[in-house]
Amino acid sequence: MITIDAQNKSLGRTASAVAKILMGKDTVGYQPHMPGGAKVTLINVSKAKIDAKKLSTTFYERYSGYPGGLTKERMDMLAARKGYAEIFSLAIRGMLPINKHRDILMKNLTITE
């Protein structure tokens, strides 16, 4: 179990460090075809250093599958609705490889505000 404190750290650098640990790239026995076994706890994500401009200009999109079903949401609106843990979760998920191991690796992540 590895604990990372996100207080006064930027979103991207923290997310990339967590993704690297989840994949197991920090261990000697790293194998790309095997999911890493490390469990990571990320604390104090609401005290992370996120620029006010980034909060208002970064958008998250989701598509329902229907015509006209594309919805966009700003980062500050998402933080108000679901909290900063969701922003970190989406950032870390985007830095993991898109294969069958991504869901397994995300289950090894615990985020607390």
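Quick note: the coordinates plus some simple rules give every number you see, no bench work behind them. Bear in mind the structure is a predicted one, so any value in this text is a computation, not a measurement. Counting neighbours? That spans all protein chains shown, and the Cβs are built from the backbone with ideal geometry, glycine included.
Structure notes:
- Number of positions in the stretch 46-96 that are farther than 19 Å from residue 15 by Cβ, surrounded by 14 or more Cβ atoms within 10 Å (Cβ to Cβ) and in contact (Cβ under 8 Å) with a residue 12 or more places away in the chain: 0
- The set of residues from the stretch 8-45 being free of Cβ contacts under 8 Å to residues at least 60 places away in the same chain, among the polar types (S, T, N, Q), within 22 Å of residue 112 (Cβ to Cβ) and surrounded by 12 or more Cβ atoms within 10 Å (Cβ to Cβ) comprises just one member, 10.
- Qualifying strands (runs of 3 or more DSSP E) (wholly inside the stretch 6-113; at least 1 residues being touching an Asp or Glu at 6+ places or on another chain (Cβ under 8 Å) and not charged (D, E, K, R)): 40-43, 59-63, 70-74
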